[in-house]
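*Asks:* Just dropping this structure here.
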Amino acid sequence: MVNNDTIEKHTIAVLVDNEPGVLARVIGLFSGRGYNIESLTVAEVNNADHLSRITLVTSGTRMVVEQIKAQLDRLVPVHRVKDLTDEGPSVERELALVKVAGRGEQRIEALRLADIFKAKVVDATLTSFIFELTGTPAEVDDFVGLMAQLGLVEASRTGVVAMSKGPGGF
Amino acid sequence: MPEQKLTGAQIVIKALKDQGVDIIFGYPGGAVLPIYDALFQQNDLRHILVRHEQAAVHAAEGYARSTGKVGVVLVTSGPGATNAVTGLLDALCDSIPIVCLCGQVPTHLIGNDAFQEADTTGITRPCTKHNYLVKDVNNLARTLHEAFYVARSGRPGPVVVDLPKDVQFADGTYVPPVEVKHKTYRPQVKPDIARIEEAVELIAQAKRPIFYTGGGVVNSGPIAAKLLTQFVKMTGFPITSTLMGLGAYPASEPHWLGMLGMHGTYEANLAMYHCDVMINIGARFDDRVTGKLSEFAPGSKKIHIDIDPSSINKNVAVDVPIVGDCAHALEDMIRIWKARQKRADQGALADWWNQIRKWQARNCLNYSRTESVIKPQYALERLRESLRGKDFYIATEVGQHQMWAAQFLPFEAPNRWLTSGGLGTMGYGLPAAIGAQIAHPEAICVDVAGEASILMNIQELGTAVQFRAPVKVFILNNQYMGMVRQWQELLHGSRYSQSYSEALPDFVKLAESWHCAGLRATKVGEVDDVIAEMLSINDRPVVVDIAVDPKENCFPMIPGGKAHNHILLGPEDNVSEATPEDGMVLV
């Protein structure tokens, strides 16, 4: 039995019926029981069966993380809970929109960095850009951090979506 | 089957009948009038009109707990639903199957702050196992059947179905409850055999074993209780139980150590502390039971059988987790125990029992007997004697009297003991006793009460009278909120802040005003007569006011934040010295 006090970060995927209140159930579980949510994303992934996939990033001791999964699994509209951190390697991605305003050299430097990060320009004016960036949360952190010195106006991030590597599915 | 058009209200009635419901506890109001109208036009479902919606849920809990069936509640929107919330959470904490139908404002008014509108599904989400808002009459029948399935399956619990008034009027199609294959909710009832084998090997090697059983055995059904009794006899191990599990193992059997936990017996708690193998069946390592977690049964290997995977490794890390229904797990264990011809280590077990006998010899439930004042324990001992061999159900309110009832009243069978364990809801007992009495008209149903708790749902005497439920309300009247007073005395320097009930009613006159019988005992010599008279009255409810010692405290007691071996046996043990500062913050 593993029972130590090390805080672990876990990415958990949850397949749920897309019905009214299901997100409130999940969020209420976390707030009611005092668990952390670092990020949470949700969207319907199967239109025919009305299934949504929730990806959440949480942290806690091993005992707490196991408890979170058990509590999620016992919600009635939950089909499956998968701990992507535990179940082998996975891919994690996040999308961000980052607005930068500036002129001259600053503007050129922002574009140069965007190129390095493979960010796309999705809106441009004479004094601003909106970059669209997809990457790991760490890459997005880095990019936003750099832009902060080059006229960052605002950033909007989706939170993490994730999937296990290899042919296996949910 | 030909398609059948019914109104939503008729669908509700038909679905309830098809689910085998015969009794509903409820209270009418604007948003459920169509259902009450449909109820009026049939004779199969009996409606018990309560006086407050909270009591409707508690009565349904008493009905459910004493029959093993799902309890059904019907209340109106807004205040009807919010009044029911305490009862719903009570049922969630104690895993009682309830289906609660709530009226709701018509769908086009939802979200408009309409008259008697409440966000019922929002409010009850954390207080129920699951809830539904039915917006389309054609989903109504299926949703109701699903609600019953969810309420009674796995770890049972309360389910709310919120019914907008226009849906009750609309015409729709009825579907019968064909074997529900729920899309997602299919709890595991059959345990993993490899785990059972592991458990059997561990049990066979035990030197100082103990069974620690809980409400899960009762919920699993009478077969689970039978199998438990069989397995305890086969192994010869001692057994203790939580408050919720009382009755699953007969208290008259020699292996029984009494209840464990904060007010459990000395022998049960010390056996837990010193055991080397703990077999937890259907209990959840609640804080009332474990005391200080870091010193909980420190040298033990733990087996935990629970139907709810989230109960396993929640508070206490266990060595052999077994997810499944208690009856199935016990059946498998007994089979493998026999097949492998296992036998407990007799030498070690004899030593263990010798030690336990020494603890038992402390006679931890002893109290100072006096002739000048009625001790609450004495009143319960006399009640115990007069109930011996009879068909009885005991409900309780919450507080000292509840703990004394758990200590002094023996239960020989499951489903006989109705108490609010998890939530600790004062006001639970009278409606629960009424629910049990409605289900078992010939049985003796007693609510062991305190004078403070009983006032929280005293209005239900009206329900008991109207529906000829001759419940016995046995008030241990000490004029204080006894458990609050006890903690204030022991931990807050005897500063009795707001725990003394001034202006108590005359319970005899109060009973008589409702056409109930009212009896009183103020002297030790009157107790037997009053109990005999109480038991002789069967045509109306009886309220018995027993004036007990106002200063009596409930022992044994494990102070907050302490381990089992720090149990205090009586007033001679100083509690405030025994309670660490971090224990003071615990409830």
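*Asks:* Here are B:D325, B:D286: which of them is more than 14 Å from chain A (Cβ to nearest Cβ), under 26 Å from B:W359 (Cα atoms) and touching a residue at least 12 places away in the same chain (Cβ under 8 Å)? Break it down into steps so the answer makes sense when it comes.
*Replies:* Working: B:D325 fails: under 26 Å from B:W359 (Cα atoms).
Of B:D325, B:D286, the one residue that is more than 14 Å from chain A (Cβ to nearest Cβ), under 26 Å from B:W359 (Cα atoms) and touching a residue at least 12 places away in the same chain (Cβ under 8 Å) is B:D286.
*Asks:* While we're here: Answer yes or no as to whether A:T158 is of a type in the set (S, T, Y), open to solvent by 60 Å² or more (accessible area, probe 1.4 Å) and in the same structural domain as A:A96 (by TED's automatic domain parsing).
*Replies:* Working: of a type in the set (S, T, Y): yes; open to solvent by 60 Å² or more (accessible area, probe 1.4 Å): yes; in the same structural domain as A:A96 (by TED's automatic domain parsing): yes.
It is true that A:T158 is of a type in the set (S, T, Y), open to solvent by 60 Å² or more (accessible area, probe 1.4 Å) and in the same structural domain as A:A96 (by TED's automatic domain parsing).
*Asks:* Among B:E267, B:E253, which is over 27 Å from A:I68 (Cβ atoms), touching a residue at least 12 places away in the same chain (Cβ under 8 Å), part of a loop (DSSP other than H, G, I, E, B) and in contact with a helix residue (DSSP H, G or I) (Cβ under 9 Å, 6 or more places away or on another chain)?
*Replies:* Values: B:E267 fails: part of a loop (DSSP other than H, G, I, E, B).
Of B:E267, B:E253, the one residue that is over 27 Å from A:I68 (Cβ atoms), touching a residue at least 12 places away in the same chain (Cβ under 8 Å), part of a loop (DSSP other than H, G, I, E, B) and in contact with a helix residue (DSSP H, G or I) (Cβ under 9 Å, 6 or more places away or on another chain) is B:E253.
*Asks:* Kindly state which helices (runs of 4 or more DSSP H) lie completely within the range B:124-221 and contain at least 1 residues that are buried (at least 24 other Cβ atoms within 10 Å of the Cβ) and within 14 Å of chain A (Cβ to nearest Cβ).
*Replies:* B:140-152
*Asks:* If you don't mind, there's one more thing I want to ask. Take the conditions away from chain A (no Cβ under 14 Å), buried (at least 22 other Cβ atoms within 10 Å of the Cβ), among the β-branched types (V, I, T) and in contact with a Lys or Arg (Cβ under 8 Å, 6 or more places away or on another chain) and apply them to B:I305. Does it pass? Give the derivation first.
*Replies:* On the way: away from chain A (no Cβ under 14 Å): yes; buried (at least 22 other Cβ atoms within 10 Å of the Cβ): yes; among the β-branched types (V, I, T): yes; in contact with a Lys or Arg (Cβ under 8 Å, 6 or more places away or on another chain): no.
The answer is no for B:I305.
*Asks:* Further, regarding this structure: Which residue, of B:A224, B:A248, B:A268, is within 14 Å of B:H564 (Cα to Cα), buried (at least 22 other Cβ atoms within 10 Å of the Cβ) and out of contact with any Phe, Trp or Tyr (no Cβ under 7 Å at 6 or more places or on another chain)?
*Replies:* From the options B:A224, B:A248, B:A268, the qualifying one is B:A268.
*Asks:* Which of the residues belonging to the range A:127-138 are touching a residue at least 24 places away in the same chain (Cβ under 8 Å) and either in contact with a Ser or Thr (Cβ under 9 Å, 6 or more places away or on another chain) or outside any loop (DSSP other than H, G, I, E, B) (or both)?
*Replies:* Residues of the range A:127-138 that are touching a residue at least 24 places away in the same chain (Cβ under 8 Å), as a first pass: A:127-137.
Within the range A:127-138, A:S128, A:F129, A:I130, A:F131, A:E132, A:L133, A:T134, A:G135, A:P137 meet the criteria.
*Asks:* Looking at (1) open to solvent by less than 10 Å² (accessible area, probe 1.4 Å); (2) of a type in the set (V, I, T); (3) assigned to a helix (DSSP H, G or I), can you tell me which one B:I336 breaks?
*Replies:* Answer for B:I336: the failing condition is (1).
*Asks:* I've got another one for you. Which one of the conditions (1) closer than 13 Å to B:P156 by Cβ; (2) surrounded by fewer than 22 Cβ atoms within 10 Å (Cβ to Cβ) does B:D44 fail to meet, given that it meets all the rest?
*Replies:* It is condition (1) that B:D44 fails.
*Asks:* Here are some residues: A:L95, A:L56. Which one is surrounded by 15 or more Cβ atoms within 10 Å (Cβ to Cβ), among the aliphatic types (A, V, I, L, M) and within 30 Å of B:K181 (Cβ to Cβ)? Please lay out each step first, then the result.
*Replies:* On the way: A:L95 fails: within 30 Å of B:K181 (Cβ to Cβ).
Checking each option against the conditions leaves just A:L56.
*Asks:* A:V122 versus (1) more than 14 Å from chain B (Cβ to nearest Cβ); (2) within 24 Å of A:L23 (Cα to Cα); (3) free of Cβ contacts under 8 Å to residues at least 40 places away in the same chain: which is the lone unmet condition?
*Replies:* All conditions pass for A:V122, except number (2).
*Asks:* List the helices (runs of 4 or more DSSP H) that sit entirely inside the range B:401-468 and contain at least 3 residues that are over 21 Å from B:Q486 (Cβ atoms) and either touching a strand residue (DSSP E or B) at 6+ places or on another chain (Cβ under 6 Å) or open to solvent by 20 Å² or more (accessible area, probe 1.4 Å) (or both).
*Replies:* On the way: elements: B:429-439, B:451-454, B:461-466.
Per the criteria, B:429-439.
*Asks:* Among the residues that make up the range B:550-563, is at least one of them surrounded by 14 or more Cβ atoms within 10 Å (Cβ to Cβ) and in contact with a Cys (Cβ under 8 Å, 6 or more places away or on another chain)?
*Replies:* yes
Residue-by-condition table, conditions (1) more than 25 Å from B:T124 (Cβ to Cβ); (2) in a loop (DSSP other than H, G, I, E, B); (3) within 14 Å of another protein chain (Cβ to nearest Cβ); (4) of a type in the set (D, E):
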{"residue": "A:N36", "(1), (2), (3), (4)": "yes, yes, no, no"}
{"residue": "A:D49", "(1), (2), (3), (4)": "yes, yes, yes, yes"}
{"residue": "A:V57", "(1), (2), (3), (4)": "yes, no, no, no"}
{"residue": "A:M63", "(1), (2), (3), (4)": "yes, no, yes, no"}
{"residue": "A:H79", "(1), (2), (3), (4)": "no, no, yes, no"}
{"residue": "A:R93", "(1), (2), (3), (4)": "yes, no, no, no"}
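*Asks:* Of all residues in the range B:111-122, how many are among the aliphatic types (A, V, I, L, M) and either closer than 27 Å to B:P176 by Cβ or surrounded by 18 or more Cβ atoms within 10 Å (Cβ to Cβ) (or both)?
*Replies:* To start, the set of residues in the range B:111-122 that are among the aliphatic types (A, V, I, L, M) comprises B:114, B:118.
The next check asks that each one be either closer than 27 Å to B:P176 by Cβ or surrounded by 18 or more Cβ atoms within 10 Å (Cβ to Cβ) (or both); those that pass are B:118.
Summing the residues that are among the aliphatic types (A, V, I, L, M) and either closer than 27 Å to B:P176 by Cβ or surrounded by 18 or more Cβ atoms within 10 Å (Cβ to Cβ) (or both) in the range B:111-122 gives 1.
*Asks:* Residue check, B:R65 against (1) buried (at least 24 other Cβ atoms within 10 Å of the Cβ); (2) within 14 Å of chain A (Cβ to nearest Cβ); (3) over 18 Å from B:P164 (Cβ atoms); (4) not hydroxyl-bearing (S, T, Y), all met but one. Which one?
*Replies:* With respect to (1) buried (at least 24 other Cβ atoms within 10 Å of the Cβ); (2) within 14 Å of chain A (Cβ to nearest Cβ); (3) over 18 Å from B:P164 (Cβ atoms); (4) not hydroxyl-bearing (S, T, Y), B:R65 is out only on (2).
*Asks:* Test each condition in (1) free of Cβ contacts under 8 Å to residues at least 60 places away in the same chain; (2) outside any loop (DSSP other than H, G, I, E, B); (3) surrounded by fewer than 16 Cβ atoms within 10 Å (Cβ to Cβ) for A:P167 and report the one that comes out false.
*Replies:* Condition not satisfied by A:P167: (2).
*Asks:* Give me the pairs, please: first residue somewhere in the range B:22-42 and part of a helix (DSSP H, G or I), second residue anywhere and surrounded by fewer than 20 Cβ atoms within 10 Å (Cβ to Cβ) and not acidic (D, E), beta-carbon distance under 6 Å, and either six or more positions apart or on two chains.
*Replies:* B:P34/B:F169; B:Y36/B:P28; B:L39/B:H47
*Asks:* Count, please, the residues in the range B:488-511 that happen to be assigned to a helix (DSSP H, G or I) and surrounded by fewer than 19 Cβ atoms within 10 Å (Cβ to Cβ).
*Replies:* From the range B:488-511, those assigned to a helix (DSSP H, G or I) are B:488-491, B:507-511; that's our starting set.
Now drop any that are not surrounded by fewer than 19 Cβ atoms within 10 Å (Cβ to Cβ), which leaves B:488, B:491, B:508-510.
Number satisfying all stated conditions: 5.
*Asks:* Another question about this same structure. Can you report the number of residues in the range A:18-34 which are in a loop (DSSP other than H, G, I, E, B), out of contact with any strand residue (DSSP E or B) (no Cβ under 7 Å at 6 or more places or on another chain) and away from chain B (no Cβ under 11 Å)?
*Replies:* Residues that pass the stated criteria total 1.
*Asks:* Let me ask something additional. Name the one entry in A:D86, A:D73 that is more than 12 Å from chain B (Cβ to nearest Cβ) and either open to solvent by 20 Å² or more (accessible area, probe 1.4 Å) or touching a Gly at 6+ places or on another chain (Cβ under 8 Å) (or both).
*Replies:* On the way: A:D73 fails: more than 12 Å from chain B (Cβ to nearest Cβ).
Result: A:D86 is the single residue among A:D86, A:D73 that is more than 12 Å from chain B (Cβ to nearest Cβ) and either open to solvent by 20 Å² or more (accessible area, probe 1.4 Å) or touching a Gly at 6+ places or on another chain (Cβ under 8 Å) (or both).
*Asks:* Just checking, does the range B:515-524 include any residue being surrounded by 19 or more Cβ atoms within 10 Å (Cβ to Cβ) and hydroxyl-bearing (S, T, Y)?
*Replies:* For the range B:515-524, residues surrounded by 19 or more Cβ atoms within 10 Å (Cβ to Cβ) and hydroxyl-bearing (S, T, Y): absent.
*Asks:* Right, something else. Could you tell me whether A:T134 is open to solvent by less than 70 Å² (accessible area, probe 1.4 Å) and either more than 14 Å from chain B (Cβ to nearest Cβ) or closer than 30 Å to B:D308 by Cα (or both)? Full working, then the answer.
*Replies:* Details: open to solvent by less than 70 Å² (accessible area, probe 1.4 Å): no; either more than 14 Å from chain B (Cβ to nearest Cβ) or closer than 30 Å to B:D308 by Cα (or both): yes.
It is false that A:T134 is open to solvent by less than 70 Å² (accessible area, probe 1.4 Å) and either more than 14 Å from chain B (Cβ to nearest Cβ) or closer than 30 Å to B:D308 by Cα (or both).
*Asks:* So, in the range B:271-281, of the ones that are open to solvent by 10 Å² or more (accessible area, probe 1.4 Å) and either not charged (D, E, K, R) or not in a loop (DSSP other than H, G, I, E, B) (or both), which residue ends up nearest to B:F555 (Cα to Cα)?
*Replies:* Step by step, filter the range B:271-281, then rank; the result is B:Y273.
*Asks:* If you don't mind, there's one more thing I want to ask. Hey, among A:N36, A:N18, which residue is open to solvent by 70 Å² or more (accessible area, probe 1.4 Å), free of Cβ contacts under 8 Å to residues at least 40 places away in the same chain and under 16 Å from the mean Cα position of the chain (by Cα)?
*Replies:* Being open to solvent by 70 Å² or more (accessible area, probe 1.4 Å), free of Cβ contacts under 8 Å to residues at least 40 places away in the same chain and under 16 Å from the mean Cα position of the chain (by Cα) holds for just one of A:N36, A:N18, which is A:N36.
The values are calculated or read from the model by the stated rules, or taken from the named source; none is laboratory data. Every value quoted in this text rests on a predicted model; they were computed, and no experiment measured them. Methodologically, a virtual Cβ is constructed for each residue, glycine included, from the backbone with ideal geometry; neighbour enumeration extends over all protein chains shown. When the accessible area is computed, the model is the full protein with side chains, heavy atoms only, and any ligands, DNA or RNA have been set aside. Shrake-Rupley method; radii C 1.70, N 1.55, O 1.52, S 1.80 Å.
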